[in-house]
1. Could you tell me which residue of region 254-297 is nearest to the ligand (Cβ to nearest atom), considering only residues that are touching a residue at least 12 places away in the same chain (Cβ under 8 Å) and basic (Lys, Arg)?
2. Which of the residues belonging to region 45-64 are near the ligand (Cβ under 9 Å from one of its atoms) and of a type in the set (D, E, K, R)?
3. Within region 159-168, is there a residue that is surrounded by fewer than 17 Cβ atoms within 10 Å (Cβ to Cβ) and within 30 Å of THR37 (Cα to Cα)?
4. Tell me the residue from ALA244, ALA300 that is in contact (Cβ under 8 Å) with a residue 40 or more places away in the chain, assigned to a helix (DSSP H, G or I), aliphatic (A, V, I, L, M) and within 16 Å of the ligand (Cβ to nearest atom), please.
5. What number of residues in region 275-297 are outside any helix (DSSP H, G or I), over 14 Å from the mean Cα position of the chain (by Cα) and either among the aliphatic types (A, V, I, L, M) or not assigned by TED's automatic domain parsing to the domain that holds ALA263 (or both)?
6. With region 68-169 as the region, which helices (runs of 4 or more DSSP H) entirely inside it contain at least 1 residues that are acidic (Asp, Glu) and touching a residue at least 40 places away in the same chain (Cβ under 8 Å)?
7. Go through region 280-334 residue by residue and tally those that are at pLDDT below 95 and aliphatic (A, V, I, L, M).
8. Among ASP36, ASP29, which is among the acidic types (Asp, Glu), in a loop (DSSP other than H, G, I, E, B) and either out of contact with any Leu (no Cβ under 8 Å at 6 or more places or on another chain) or within 13 Å of the ligand (Cβ to nearest atom) (or both)?
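The values are calculated or read from the model by the stated rules, or taken from the named source; none is laboratory data. Remember, predicted model here, so these are calculated numbers, not experimental data. Here the Cβ positions follow ideal geometry from the backbone for every residue, glycine too, while neighbour counts run over all protein chains shown.
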Amino acid sequence: MAGPAASAPPRTQLVGIGAYLPARVVTNDELAQRVDTSDAWIRERTGIRQRHLAAPHESCAFMATAAARAALADAGVAAAAVDGIIVATATPDQAFPAVAVRVQAALGASGFGFDISAACSGFIYALSVADGMIRAGQARTMLVIGAEVYSRIMNWDDRGTCVLFGDGAGAVLVRAGEAGDARGSGVGEPGILSTHLHAQGDLGDILFVDGAVGQPDRPGHLVMKGNEVFRHAVTKLASAVSEALAVNGLDHNDVDWLVPHQANLRIIEAIGKRLGLAPDRVVVTVDQHANTSAASIPLALAQAYGDGRIKRGDLVLMEALGGGLTWGSALVRL
Ligand code: ACO
């Protein structure tokens, strides 16, 4: 975790953003042919209209690599400059090696790589770890990737979960700030202002996978008590966004964009309202991507940055809650 401090090293800057989505789009109507549901129910309860689902060749590492390449291209930085890769994922292709080292090999990068498991909060956790490592001087240029193939852990006969998730990957390139941009109290300087991580393990059984990666006879499916998760999401995320603003001495008027984890439009709108942000300052992609877990925040960031809504210099507040339960926030000046 990091908060502002006068003598702290320069902020970690977010210099590139990229994404990858599988080509195959599956509509609610298509799912209604498989389970007892309807486009109207899914849209009304969740805001989801469609999701992208991975083809067999679109592994977690494949999508993570494609998103990483896009982030590197956006930053104009060569893969050779990367000295660390973190992939946040709950759906790695194998128990090991980590997805991150598969990405490293595909990019021809060097340095270190590892995966982080914090379900839908994974990207926030990974960004926090990368920020800490960079400010501690352990790395200078890191890829932080969220990549998920939830279609492989869905029970496709359970209408309560299979309509909610999608596949995809998003990535950011983060880099050590220059010695000249020491943090001080200036919230106008680019970089990660703060991250906050939380977990409450005694809530592990309201959202979990009932098996393990790499066990063909028991691959595991996602199980969720949706209404309980919903209740915790609204209260815990509201307190996470308040915490991020209070630590930085900011209020909601200072935030240019909320880029929330995309699980449910009703949760997103509730947090936006608590923050007092106009709806057009809240990035929503759940309608197109559904819940892509650790990939959802970088995918949303890539979309709003790519279409010109989010600009360099904007203050962006990210928040997520997921299985664990885990939750947290990251406040970034782009
Ligand atoms: N189509 C039609 N009916 C359905 C469907 C469906 N796809 N799914 C459930 N229903 C029915 C239920 O069976 C139930 O019927 P009943 O009243 O006859 O028993 C009714 O709809 C209401 O079910 P609820 O689960 O209470 O519906 P709710 O309004 O809570 O919406 C939802 C469910 C969308 C899952 C919501 O609870 C939610 O979004 N929860 C939070 C999810 C979340 O934030 N997850 C965190 C991240 S995920 C991660 O970390 C991996």
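1. Checking each candidate, the answer is ARG266.
2. First, pick out the residues of region 45-64 that are near the ligand (Cβ under 9 Å from one of its atoms): 45-46, 48.
Residue satisfying the conditions is ARG45 alone.
3. yes
4. Exactly one of ALA244, ALA300 is in contact (Cβ under 8 Å) with a residue 40 or more places away in the chain, assigned to a helix (DSSP H, G or I), aliphatic (A, V, I, L, M) and within 16 Å of the ligand (Cβ to nearest atom), namely ALA300.
5. Final tally of qualifying residues: 3.
6. Of the helices (runs of 4 or more DSSP H) lying wholly inside region 68-169, those with at least 1 residues that are acidic (Asp, Glu) and touching a residue at least 40 places away in the same chain (Cβ under 8 Å) span 122-135.
7. Counting residues in region 280-334 that are at pLDDT below 95 and aliphatic (A, V, I, L, M) gives 0.
8. Every option except ASP36 fails the conditions.
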